[in-house]
Every structure is written in structure tokens, then in C-alpha cells.
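Here is the structure we will look at.
Any read-out appearing in this document is the output of simple, stated calculations on the displayed coordinates, not a laboratory observation. None of these values were measured; they are calculated from a predicted model. Counting neighbours? That spans all protein chains shown, and the Cβs are built from the backbone with ideal geometry, glycine included.
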Amino acid sequence: MSSAVVILAAGLGSRMMSEMPKVLHRVAGEPMLAHVLATAASLEPEVTVVITGHGAAQVEAAAQAVAPEARFARQAEQLGTGHAVLQALPDLEGLEGDVFVLYGDTPFIRPETLEAMRTEREAGAGLVVLGFEAAEPAGYGRLVLDEGSLAAIVEERDADEATRALTLCNSGVMCVEAGLLRSLLPRVGNDNAKGEYYLTDLVALARGAGARAGVVTCAEAETMGVNSRLDLAAAEAAFQAGRRREMMEAGVTLTAPETVFFARDTMIGADTVIGQNVVFGPGVTIENGAEIRPFCHLEGCHVSSGAQVGPYARLRPGAELGPDVRIGNFVEIKESQIDAGAKVNHLAYVGDATVGEAANLGAGTITCNYDGVMKHRTRIGARAFIGSNGVLVAPVGVGDDAFVAAGSVITSNVAPGALALGRARQENKPGLALRLRERLKAMKAGKSGKGQG
Ligand code: UD1
Ligand code: MG
């Protein structure tokens with residue numbers, strides 16, 4: 001059955017004390033909204049509609065960057081969650097199946113949980129709400145049950161004492177049959193303590209229309225929302241703690257787990273060892289049996305089996321390391337393929353390059369890939385040897401088995417098997433050092449003699 005997802009992202013989130021819309025604040029290096037869009041994508045929806053309001057243009061740009069298929073509807077005034085979803089109805093016209101409502105500031109809902117809601121819907125509920133047992137229910141809408149089904153959601157401010165005593169709360173996530181949503185949503189009114197159009201009123205309306213409302217529950221941690229910088233830090237900590245556990249359970253060694261930071265999509269194979277203080281940005285994949293030594297920063301890169309990286313290395317987007325590659329301390333690799341067994345062990349910058357199998361780039365090797373206007377590529381062949389402090393001015397190529405002398409500035413191609421020297425020739429003057437030193441000493445003695453006289 002097809003489905004649609006509506007993501008509520010119109011709020012500013014005033015408690016963030018920020019100029020930036022709340023859903024753009026980052027967890028694990030990505031806007032919260034990107035996490036929610038990824039969750040939405042797991043449902044393979046026909047349509048995804050993001051409801052924007054505060055900072056709409058900014059929010060739309062950020063969403064488009066990660067989910068180009070997303071559509072947008074603007075909610076000029078935030079008149080309530082029901083009013084927010086109402087803005088999506090034109091995009092849901094003619095749709096059959098499920099409509100999921102997610103919040104842009106609630107990034108940890110698991111795809112499995114949404115699947116459970118879908119299953120409950122398919123079992124005959126017209127509408128399914130995601131509930132949780134709250135440790136501190138204050139502020140949440142309470143789920144009022146009736147023989148296992150949901151009778152109503154009552155907001156805190158509208159609840160009597162008995163209802164406030166309930167601990168089963170509304171996460172805000174809902175799954176509604178599309179036709180039911182279209183027919184009931186326009187009937188939601190704003191006659192309540194807040195004067196808002198509550199999405200939660202759909203429950204009572206659905207019951208009135210003869211539809212069953214169901215509840216699926218999840219752990220409270222999954223429903224964690226972000227309203228302040230403190231919440232944001234707590235969300236980051238929760239995310240990282242979960243990822244560290246999952247990684248270790250999947251066979252990755254973390255020497256000091258609490259110092260390693262993952263992105264949402266970090267993938268690491270079993271028997272890889274990650275040292276302390278390693279940070280993963282988005283888009284990193286590491287095969288089995290690699291080693292990332294302490295203090296490395298990786299982003300948008302791939303590391304093959306048996307490779308060793310660091311300590312203190314930086315792999316930037318487009319770095320592709322083949323099997324058994326060695327990347328050592330203070331080395332930066334960007335947009336480059338490094339083939340099997342090649343070594344870049346010390347103090348180097350390799351950008352926009354291909355490095356052949358078993359090549360050796362000495363300490364201080366630099367690819368000059370940028371002329372201030374354009375980027376150019378460097379090609380280094382298999383088994384080539386670049387001496388220390390070699391500067392390769394791109395576009396340029398060094399052939400297989402070639403040798404570049406230390407300290408060379410290479411501006412034209414080096415043929416396979418050739419030796420290239422690109423530096424001033426050394427001159428030796430026998431005895432000159434001794435004579436020079438004598439002269440300097442004599443000068444110094446002459447000066448101090450003057451001072452005494
Ligand atoms: C809502 C639920 C409550 C639930 C709680 C879970 C309603 C009426 N109440 O309450 O039952 O326990 O969430 O956190 O739905 N938003 C818009 N446009 C609006 C209003 C809200 O986009 O006009 C967005 C907000 O930015 C936020 C989300 O919807 O991301 C929830 O809105 P919020 O005002 O926080 O609702 P609560 O009062 O917390
Ligand atoms: Mg809220």
C-alpha cells in the first residue's frame with residue numbers, strides 16, 4: 001500500500017534562543033530534519049510534504065539538499081498541529097493508503113516503529129497513534145483508552161485531574177488512512193484551552209465517524225524531542241551512546257567508546273579497530289579489519305580491509321583507500337583514489353589524485369591541485385616513489401615505477417620508470433665552512449674590543 005509522510009517543521013523553537021529554525025540544529029552533524037527525512041524515506045512514500053513556517057526558505061533548502069523529492073507547504077501562522085497538517089492536503093489529493101505525521105524536531109523514531117503502526121492500520125484501524133509511557137507526563141497529550149482502542153487524546157491543559165494522572169502519552173506521531181484524514185481534518189476546530197487546531201482531535205472525530213483508533217507504543221527514548229540547547233546536547237549524547245553500542249555489538253572494537261563520534265550513516269565492518277578521539281562525518285564506509293588510529297577525522301570516504309589510518313589523519317570527501325593502504329600522521333586526503341598497498345605516511349596533502357598500487361609518497365608530498373581558479377588532477381602510477389617534500393603541480397602525471405627526487409617541484413609528466421629531479425643542483429666548496437667560521441669569530445672579537453676601549 002502506498003503512503004505519504006507529512007513532517008511538521010514550522011516552529012521556530014523559541015527556547016533554542018536561536019536565529020536559526022529549530023529543525024536545522026544538528027544532531028550527529030546533520031540537521032534534525034535530515035534525520036526525520038531519512039526515517040520518512042524508509043517508508044518509501046509516494047509523497048513527502050514538509051510543512052515550513054519560520055525560516056521557510058532556509059528549511060526548504062536544507063531539506064532539498066538531502067531529499068530532492070520532498071514537497072513543501074508553508075504554514076504562515078502556527079495555529080496548531082491540525083492546522084499544520086491541513087496545509088499538506090492539496091499535496092495528498094487522490095492519494096490512497098497511509099498518511100504518517102512526523103515532527104521535524106523528533107529525530108529518533110525508528111523505521112520499525114512506523115512499520116508496526118502500518119501493520120496496526122492494515123489490521124483495521126482507521127488511525128493509529130504512537131504512544132509511550134512517560135516518566136514525567138506533564139506537558140504531553142494523554143491517551144485515553146477504551147477496551148484496548150484509543151478513545152481520545154486530551155491535551156494537558158484541557159485535562160481533568162483523573163486524565164492528568166494517566167501516564168500513557170502522545171508522541172505526536174500518527175498514521176491515518178488518507179481518505180479519513182481528508183474528510184476529518186477540515187472539521188477540527190480550535191475550541192480548547194490554547195485556541196489551537198489540534199491534530200489530536202482527529203481521534204475523537206474518527207471514532208464518531210465509526211472508525212477504530214489504535215495505539216502502538218515505543219520506548220520513551222525514541223520519542224525524545226528537542227526544545228532547547230540542553231535537549232540538543234541530550235539528543236546528541238543519546239544518539240552517540242546508541243551508535244557506539246550498535247557498533248560494538250556488530251564486532252567493531254572501540255578502544256574508548258565515549259570519545260568516538262558517529263554520523264547517522266556511518267558503516268563499519270567487523271574486526272575494525274577505532275582508536276580514541278575519532279570523529280566520523282557523514283558518508284563514511286569502512287570494510288572489515290581496518291584500523292583507524294587515534295585523533296582522526298573522516299568524512300565522505302571509503303576505507304578498505306587491512307588499511308591503517310592515522311594517528312592524526314584527515315580523510316575528506318572522495319578519499320577512497322584500497323586494501324592495506326597506509327595513511328599516517330598529519331596527512332590529508334581529498335577526492336583521491338589510493339590503490340592497494342600504497343603508503344602516504346607523513347605530513348602530506350593528496351587532493352584530486354589517483355595513486356597506483358604500492359606507490360610510496362614520502363614525507364611532505366604535496367599535490368598542488370588548485371591554481372586559485374580551477375582544480376586539476378595528479379596521476380601517480382603503481383610503485384612510483386615520490387621523495388620527501390615532492391611538490392606535484394597539477395595537472396601532472398608520474399608514471400609507473402618512476403622516481404621523483406626529494407625536494408622536487410614537478411610541473412611536467414614523468415615517464416614510467418624515469419627519474420625526475422626538479423631542484424637546484426647542489427654545490428660543495430671544500431674547506432669553506434671552516435674559513436667562514438674563522439672570519440665570523442674575528443669580526444665578533446673586533447667588535448667587543450672596540451667596546452672595551
Ligand atoms: C503536541 C501534541 C501532544 C503531544 C506532544 C508531543 C497536539 C495538539 N498536541 O503537543 O499531544 O504529547 O506534541 O511532543 O498535537 N507545529 C507546527 N505548526 C503549528 C504547531 C506545531 O509545525 O502550528 C510543529 C512544532 O514545530 C512541533 C510540533 O508541531 O515540532 C508539535 O508542536 P508543539 O506546539 O510542540 O505541540 P505540543 O503542545 O508539544
Ligand atoms: Mg512540544
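With the convex hull drawn around the C-alpha atoms of the chain, the volume per residue stands at 239 Å³. Sorting the segments 82-88, 58-64 by their residues' average number of neighbouring beta-carbon atoms within 10 angstrom, most packed first, yields 82-88, 58-64. Length gained on full extension, residue 256 to residue 20: 81.6 nm, using 0.36 nm per residue less the C-alpha separation. DSSP beta bridges confined to region 3-223 are antiparallel in about 45 percent of cases.
Close amide-amide hydrogen proximity is noted between residue 345 and 328, 361, each under 5 Å apart and 5 or more residues distant or on a separate chain (H modeled in the peptide plane; Pro and chain starts excluded).
On the basis of the beta-carbon distance and an R0 of 25 Å, residue 151 and residue 112 show a calculated FRET efficiency of 0.40.
Quote the Stokes-Einstein diffusion coefficient, in whole µm² s⁻¹, for region 229-420, based on the Kirkwood radius over alpha carbon pairs, a temperature of 4 °C and a viscosity of 1.567 mPa s. The estimated diffusion coefficient comes to 76 µm²/s.
Residue exposure proxy: 160, 324, 400, ordered by other Cβ atoms within 10 angstrom of their Cβ from fewest to most, comes out as 160, 400, 324.
One equal scatterer on each Cα of region 12-121, no solvent, Debye formula: the resulting log10 I(q)/I(0) at q = 0.11, 0.13, 0.15, 0.19 Å⁻¹ is -0.34, -0.48, -0.65, -1.05. Loop-located GluC sites (Glu not before Pro) in region 128-190 (DSSP state other than H, G, I, E, B) with a sparse environment of at most 16 neighbouring Cβ atoms within 10 Å: 147.
Close amide H contacts of residue 368 (hydrogens built in the peptide plane, cut-off under 5 Å, sequence separation of 5 or more or a different chain): 392, 393, 394.
Computed over neighbours whose Cβ is under 15 Å from that of residue 271, the net charge equals -4, Lys and Arg +1, Asp and Glu -1. Beta bridges assigned by DSSP with both partners in the chain are antiparallel in approximately 20 percent of cases. With contacts taken as Cα pairs under 8 Å at a separation of at least 6 residues, region 229-420 carries a relative contact order of 9 percent.
Grab the DSSP H runs of the chain that are 4 residues or longer, score each as -39,500 (n - 2.57), total them, divide by all residues and round the 222 nm result to the nearest 500 deg cm²/dmol. After summing the helix terms and dividing by the residues of the chain, the value is -6500 deg cm²/dmol. Multiplying the residue separation of residue 409 and residue 162 by 0.36 nm and removing their Cα-Cα distance gives an extension gain of 80.8 nm. With contacts taken as Cα pairs under 8 Å and at least 6 residues apart, region 3-223 reaches a relative contact order of 24 percent.
Where both bridge residues fall in region 1-128, DSSP classifies roughly 10% of the beta bridges as antiparallel. In summary, the lysines within cross-link reach of residue 334, defined as a Cα separation below 23 angstrom excluding same-chain residues under 8 places away, comprise 343, 375. Subtracting the Cα-Cα distance of residue 228 and residue 270 from 0.36 nm times their residue separation leaves 11.5 nm of extension gain. Could you work out the local net charge near residue 23, counting Lys and Arg as +1, Asp and Glu as -1, over the other residues with Cβ closer than 12 Å to its Cβ? Cβ neighbours under 12 Å give a net charge of -1.
For the chain, calculate the relative contact order in percent as a whole number, restricting contacts to Cα pairs under 8 Å that are 6 or more residues apart. Reported relative contact order: 8 percent.
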